Amino acid sequence: MDRRRAWNQGPHPLSRRHHGGAVRPVRDRSESSGMNALVEGFGALLTLQIGLCVIAGAAIGMLVGAFPGISATMAVALASAFTLTMDPLPGLAVLLTILVAAQFGDRVPAILINTPGTPASIATTFDGYALARQGKAGIALTASAYASAIGGLVGIAVLMVAAIPLSNLALEFGSPEMFALVVFGLTMMIEVSGGKIIKGMIAGLFGLALGTIGRDPLDGSDRFTFGIDQLVEGVPFIAVIIGLFGITEVFSQMLERAHTHEKAVRSFGRWWPNKAENRAMIKPVAVGSAVGTVVGILPAAGGDIGGIVAWDQARRVSKEPELFGKGSLEGLTAADSSSNAGVGGSVLTTLALGVPGDSVMAVMLGSMIIWGIQPGPSLFSQQPDLVYSIAGILIFATLLTLGLSLLRMRGVAKLLELPSRFLWVVVVTFCIVGTYAVNNSIFDVGLMLLFGVIGLLFRRFGIPAGPVVLGLILGPLAERNFRRSMELGGLETIYTSPIAVFLLIVAVLALAVPRIRSRMKARRRPAQPEPTQTQDPAGVGR
């Protein structure tokens with residue numbers, strides 16, 4: 001309790017400098033300039049304790065990300081129980097580094113065994129595993145590591161430079177604006193369907209239906225739970241994604257074992273992209289970093305959404321969109337840079353508004369409050385050095401984790417040298433343990449296996465799984481904000497909001513423009529000449 005009072009009433013723990021056991025206070029925050037706050041914030045990190053905390057967090061986070069089903073949210077929640085006994089800054093160093101490192105480690109199973117280590121790596125599976133099957137696992141892992149680092153650093157830069165303006169803009173988002181934003185996000189259902197519009201919509205509607213299960217967002221009544229207590233809080237998200245992406249892949253490989261060539265998976269090829277590949281990745285990394293930062297800033301959005309949206313946006317601007325989903329380095333790097341850029345954005349939203357940017361920050365927000373930190377607009381004026389200290393931790397964690405990712409790639413890649421039957425056992429075991437550990441629920445494990453079967457049926461009929469995830473994530477958010485808007489003033493609250501109208505127009509354009517453009521290109525293509533008697537004298541073409 002003394003530590004919490006010190007934070008609120010006097011020089012807080014970030015101001016302490018340990019010199020021979022003495023504590024040296026700094027002057028009041030209101031008297032500190034921006035440069036002084038930057039120096040103080042970064043200077044508070046120059047201790048052995050902070051360094052050890054970051055190293056420990058990186059090791060834990062990398063392991064968490066590499067094990068399918070063990071989400072960063074769960075890891076941060078478990079670590080919070082231990083860090084609350086620490087001072088705020090070392091505790092934040094552990095929690096933030098776990099988050100950053102998990103965002104790197106989760107790419108390994110996503111690329112090597114097509115199983116997202118955390119929800120943020122869902123979009124990584126779209127191209128990462130295809131590259132591994134093509135014998136390009138080495139390049140995929142290296143490119144993913146660099147893209148993740150670049151995206152993360154871009155998000156942190158935004159946190160440091162544009163924190164106050166962006167937080168002021170986010171304050172303008174009420175229920176009507178959030179509903180319009182989610183509608184725009186739902187348009188991605190069609191775009192991530194690989195051209196299968198009807199099947200993509202079926203999958204998206206299935207995801208939306210799943211999102212309606214559980215407690216009513218406004219009156220709290222149960223709906224569509226069929227008397228099952230485990231569904232009162234909704235369909236377990238981790239069970240769904242592990243089932244659709246991890247278990248489905250194992251089932252599919254078991255059924256198609258005769259047609260599966262293990263050598264294609266074991267061939268890693270080159271580990272370092274050449275100059276042409278590096279140049280090709282510049283644009284998707286830029287797109288992913290921008291999209292991820294913006295999506296991360298928006299409350300309740302996370303790296304999973306950012307990765308999928310960035311993958312789609314990169315496909316739109318690519319010169320080779322047909323390769324996306326089939327093993328495109330552009331798609332891989334766009335998704336990974338986006339989900340990591342979202343970390344800085346979600347931290348920004350949490351600090352500026354006191355609203356968690358995603359589920360991980362919701363857990364971290366609770367720890368901050370217990371420590372006596374009060375996130376909100378006043379934080380940037382009263383404790384600016386805290387913001388810079390957090391940004392410094394994120395930078396340190398990103399660079400350290402990048403180094404670990406590059407050093408340990410060859411060791412982790414040996415997972416693919418296991419015979420398929422052993423790898424299946426390992427994957428299923430981690431999926432079961434990870435799913436069970438979230439809620440300590442056997443029901444969740446059964447649900448995961450059920451969605452593994454559903455995912456297998458989807459694959460057999462060519463129905464994409466991505467829209468299911470989008471519907472499940474965005475559906476409840478859209479419903480909650482729409483109903484709140486209706487209670488506030490009906491449809492008028494939506495169409496009288498400039499931000500909401502703008503977002504809805506963008507959503508319509510996002511659907512219409514690509515189709516108009518493709519039709520225009522089709523009309524411009526020269527028609528193929530019909531076979532004539534001269535061209536086909538024998539009549540074979542008939």
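Brief remarks follow.
- Verdict on G43 being open to solvent by 10 Å² or more (accessible area, probe 1.4 Å), modelled with pLDDT of 80 or more, among the small types (G, A, S) and more than 25 Å from Y436 (Cβ to Cβ): yes
- Any hit, segment 389-412, residues being open to solvent by 30 Å² or more (accessible area, probe 1.4 Å), at pLDDT below 75 and not small (G, A, S): yes
Results for (1) surrounded by fewer than 19 Cβ atoms within 10 Å (Cβ to Cβ); (2) modelled with pLDDT under 80; (3) within 20 Å of E320 (Cβ to Cβ); (4) out of contact with any strand residue (DSSP E or B) (no Cβ under 8 Å at 6 or more places or on another chain), shown as yes or no for each residue.
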residue: K263; (1), (2), (3), (4): yes, yes, no, yes
residue: R270; (1), (2), (3), (4): yes, yes, yes, yes
residue: P284; (1), (2), (3), (4): no, no, yes, yes
residue: A301; (1), (2), (3), (4): no, yes, no, yes
residue: G307; (1), (2), (3), (4): no, no, yes, yes
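- Candidates Q383, Q374, filtered to the one that is modelled with pLDDT under 80 and open to solvent by 30 Å² or more (accessible area, probe 1.4 Å): Q374
- Residue match in segment 310-332 (condition: open to solvent by less than 10 Å² (accessible area, probe 1.4 Å), part of a helix (DSSP H, G or I), modelled with pLDDT under 80 and among the aliphatic types (A, V, I, L, M)): no
- Test for V468: is it under 20 Å from I202 (Cβ atoms), open to solvent by less than 30 Å² (accessible area, probe 1.4 Å) and touching a residue at least 24 places away in the same chain (Cβ under 8 Å): yes
- Test: V100 is in contact with a helix residue (DSSP H, G or I) (Cβ under 6 Å, 6 or more places away or on another chain), modelled with pLDDT of 85 or more and open to solvent by 20 Å² or more (accessible area, probe 1.4 Å): no
- Q49 meets the conditions (1) in contact with a Ser or Thr (Cβ under 9 Å, 6 or more places away or on another chain); (2) part of a helix (DSSP H, G or I); (3) at pLDDT 75 or above in every case but one. The failed one is (1).
The values are calculated or read from the model by the stated rules, or taken from the named source; none is laboratory data. Fair warning: this is a prediction, and the values are worked out from it, not measured in the lab. Note: ideal-geometry Cβ built from the backbone for every residue, glycine included; neighbour counts use all protein chains shown. Ligands, DNA and RNA are stripped out before the accessible areas are found, and what is left, the full protein with its side chains, is counted by its heavy atoms. Shrake-Rupley method; radii C 1.70, N 1.55, O 1.52, S 1.80 Å.
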